[in-house]
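One structure is given below, encoded as structure tokens.
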Amino acid sequence: MSTLLSLLVLLPALLSGIFLVDLAWRDTSGAGRVCKFFLGCGLGLGASTCLGYFSLLAFGARRLASFWLDLAALAVLLILWLRAWRRGEVQPLLISFSFNRRILLPLLALGLSAAAALLIFLSFTMLNPNGDFDAWTMWNLRARFLFRAGADWQTAFSDQMHWMFHADYPLLLPLLTLKAWSALGLDTPRAPILIAALFLFCSVGLLTAYLARVGWLRAALAGMLLLAAPRYLDLAAFQVADVPLSFFILAGILLGVESGRAHTHRSNLLALAGLAFGLAAWTKNDGILSLLAAALVGAGLLLRQLLDKTRNLRRSAESPLYAHAGQVDAAGQTISRAAAALLGGAPPFFTLLVFKLFLAPPGDMLAGQTLAGAVQKLGDFSRYALITRALLENLWQLGEYPLPIVPCLLVFAWSAGRRKLAAGETNSLAWAGLTLAVTLLGYGAVYLLTPHPLDWHLQYSADRLLLQLYPAALCLLFVVFLEKETL
Amino acid sequence: MAQIKRWVTRLVIGALLILAFVSLGQKLLWAQRIWNSAALSQDQATLWEQRLARLKRDLAGKGAVIGYVSEIDVGMPNSLIDTNTEFTLTQYVLAPIIIQRGVTAQWVIGNFGGVGFKPEFGSQLGVSLAEDYGYGIVLLRRNAP
């Protein structure tokens, strides 16, 4: 019963996300709508915690303020959606498929896989309703502090707490759990279990539905591969933040890629991508690296585009006026799209900033650091070797499949061959690939400077960091290397 | 050549599908193996919650920060479970009280597993026994104010 009630409490946030995504992304295909549904669910849950954080600051932890704010946001978005509907800009969110054998078989296989994954998730969860070590040490613990401490909720961020409890970690997950607990008046483990399941199936659903816009077979295969990664299922059942973070990174990457392919509303897609990366940063400190990577790579590509356009402008100075005006217009569009991405990421980033500046105690990664120590670590080449070896070993065992998945996927990419990319796509795919690569480099840099014993740190986190990027990497691989016609 | 490549692609996709099914099948078998209806409510956190239920009641009004000592603090052999898992579980169960390693707080939880609390631990740590809850869990009071 408390699972159903938790779902009801989260429903306004889920619906707000669905309406927001439908307003911003005007894809009316069947698969596109499914994709927008899963995207909206995840983004809605995440964005609602930004409101939740400010309601925590204003009204405290045990009030229903966060729930009422979600309802108010839903009302505003519903009004906007209805106005757009009356103008004929959006259509009711009904999904219609023309079923045929080509769709039915992959869907059936995916459905069976999803049912098996759900059974696995439930069997672990029923035996371990409080999740695993990281859940009771960080995410569910923080929610418990906020819920139980009442007026003294700021105790949750006391610098007297042992570093193992990571009181400086962002609050997306604890605030979602708190939202359900506050409304139910009970700190039931069913709420974090439900949230973990929602993010697991939203990640798989988003990956599958996005690829299904081009072909259901490749979509089902990608979805099944993600569901069949035993370690990914474990992490979901452990109620830790890695699966939600992987959802937001996947969403950001996918929206960025789509902005390069779409013919209309490209700024809207980039705003949603900014929101997704902002929420990734608001989920976990690791997500801050993916946000920085996305912004840095985006800024680099933007600068290159602007330089190209400036060069073209100089060359066309002597040309007829329309060519000159066209160049200026294109440069303006590029800048306005970058501004849209920044605008989308601003709410979660601002929330994170307020949290880090005014509430969070210093994190263990910085508190245990000295400049001399950092310089010494940077010059220690054995650390580079250890990190590279650990990351490669974990890449080999990625997801803990019965066979190493990376070589299998490389063979798949080789056999499928790279498809011919459109001009706009090349830039967005380069941005996506570089963002994942720079994030990985960022993880390497954090290991390099860690104040903790390096082998211990690598042993307990390297596989999870790689899995955070896995759904997005899988999506990119299928987008680049498999053409509809090859099947 | 294009035809051959298409067949290779189909073969690889088939192999990946089989890999996905085998992986899920193995994990399902694992789930079936670990499943035991008698083990419901027997997870570490729930058991620790039950073990500390009386202590939790007794800690009401004894301050926002409580100390914590275990085998490692008295030089006894210890494992990662003693030093990390049980400490974090204690914090999880007793939240919103902050559990701090050491004896700087007025009240201190002792967790000495199988050996239980021994009087020499008290003199070593500068604490005296206030209550024994069994399972090696004790509530200690710091001797010096």
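Here, each number is a calculation from the coordinates, and none is a lab measurement. Because the structure is predicted, anything quoted here is derived from the model rather than measured. Cβ coordinates were reconstructed from backbone atoms using ideal geometry, including for glycine residues, and neighbour counts include every protein chain displayed.
For this structure, a couple of remarks:
- Cross-link partners of A:Lys284 among aspartates and glutamates, defined as those whose alpha carbon lies under 13 angstrom from its own and excluding same-chain residues fewer than eight positions apart: A:Asp134, A:Asp168, A:Asp242.
- Whether the stretch A:173-290 is rounded, prolate or oblate, judged on the alpha carbon gyration tensor where a/c under 1.5 counts as rounded: oblate
- Tail weight of P(r) past 45 Å, computed on alpha-carbon pairs of the protein assembly as shown, percent: 22
- Net lengthening on full extension, A:Ala385/A:Leu357 (0.36 nm per residue, minus Cα-Cα): 6.6 nm
- Stretch gain in nm, segment A:Ala367-A:Ser2, where the contour uses 0.36 nm per residue and the Cα spacing is subtracted: 127.4 nm
- Geometric descriptor of the stretch A:226-274, per residue, is 74 Å³ (volume of the convex hull of the Cα atoms).
- Just so you know, the averaged projected area of the alpha carbon convex hull for the stretch B:4-145 sits at 13.3 nm².
- Span-like helix ranges in chain B, DSSP H, alpha carbon extent 18 angstrom or more, Kyte mean at least 0.5: B:2-34
- Nearby lysines by direct alpha-carbon distance to A:Lys420 (threshold 19 angstrom, same-chain neighbours under 8 apart not counted): A:Lys484, B:Lys5
- Amide N of the stretch A:209-240 lying under 19 Å from the label point, which is placed 7 angstrom from the Cα of A:Leu105 along Cα→Cβ: A:212-225
- Taking a ≥ b ≥ c as the square roots of the eigenvalues of the alpha-carbon gyration tensor, the stretch A:253-314 is classed oblate because a/c is 1.5 or more while a/b is no larger than b/c.
- Kyte-Doolittle mean at least 0.5 and Cα axial length at least 30 Å: DSSP H helices in chain A: A:2-24, A:30-59, A:65-86, A:101-127, A:190-212, A:321-358, A:423-449, A:454-481
- Using Cβ point charges alone (K and R +1, D and E -1), the dipole size of the stretch A:201-356 about the Cα centre works out to roughly 320 debye.
- Principal axis dimensions, largest first and in whole angstrom, of the stretch A:351-487 by Cα: 56, 36, 26
- In Hz, Karplus ³J(HN,Hα) per residue of the stretch B:64-72 (6.51, -1.76, 1.60; θ = phi - 60°; x = Gly, Pro): 7, 10, 10, x, 8, 10, 8, 3, 4
- Cα gyration tensor shape for the stretch A:76-189, rounded if a/c is under 1.5, else prolate or oblate: oblate
- Cβ-derived FRET efficiency at R0 56 Å, B:Gln3 paired with B:Arg101, nearest 0.05: 0.25
- Alpha-carbon radius of gyration plus Dmax, which is the widest Cα pair, for the stretch A:2-44 in Å: 11.3, 36
- Result for chain B in a Gaussian network model with C-alpha springs under 10 Å: among B:Val108, B:Val69, B:Val22, the largest mean-square fluctuation is at B:Val22.
- Between A:Leu395 and A:Gln91, the contour length at 0.36 nm per residue exceeds the alpha carbon distance by 105.1 nm.
- Sequence-distant residues sharing a close amide H with B:Ser70 (under 5 Å, placed H): B:Asn111
- The mean number of partner chain beta-carbon atoms within 10 angstrom of a residue's beta-carbon across peptide A:416-428 is 1.
- The stretch B:10-55 versus the stretch A:392-423: alpha-carbon centroid distance in Å: 26
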